[in-house]
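What follows is a short report on a single structure.
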C-alpha cells in the first residue's frame, strides 16, 4: 500500500486535515459520489459518529462497513 496522503477540508465549520492511503481516498470519493454529496460532507457525517476514534481511523472503518454493505 502506498504512503498516506494528507488533504485539508472543512467540516463542521472548521478546517481539518485527513491522512489516508490513496486507495481509501478513492473509496471515499466513490462513496460520496454514490450519495451525490461532496467528500467534505460525507466526512462530516462520519465525524459525527466516530466516538473516540481519530478521524482517519473512523473513515477507514466506515469505508470497510460500507464495502460490507455493498
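Laboratory data are not the source of any read-out in this text; all were calculated from the coordinates shown. Please read all numbers here as calculations on a predicted model, not as lab measurements. Here the Cβ is made from the backbone with ideal geometry for all residues, glycine too, and neighbour counts use every protein chain on show.
What the table shows:
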{"item": "Sole exception among (1) surrounded by fewer than 18 Cβ atoms within 10 Å (Cβ to Cβ); (2) under 9 Å from the mean Cα position of the chain (by Cα) for residue 58, by number", "result": "(1)"}
{"item": "Failed criterion for residue 8 (all others in (1) surrounded by fewer than 17 Cβ atoms within 10 Å (Cβ to Cβ); (2) in contact with a helix residue (DSSP H, G or I) (Cβ under 8 Å, 6 or more places away or on another chain) hold)", "result": "(2)"}
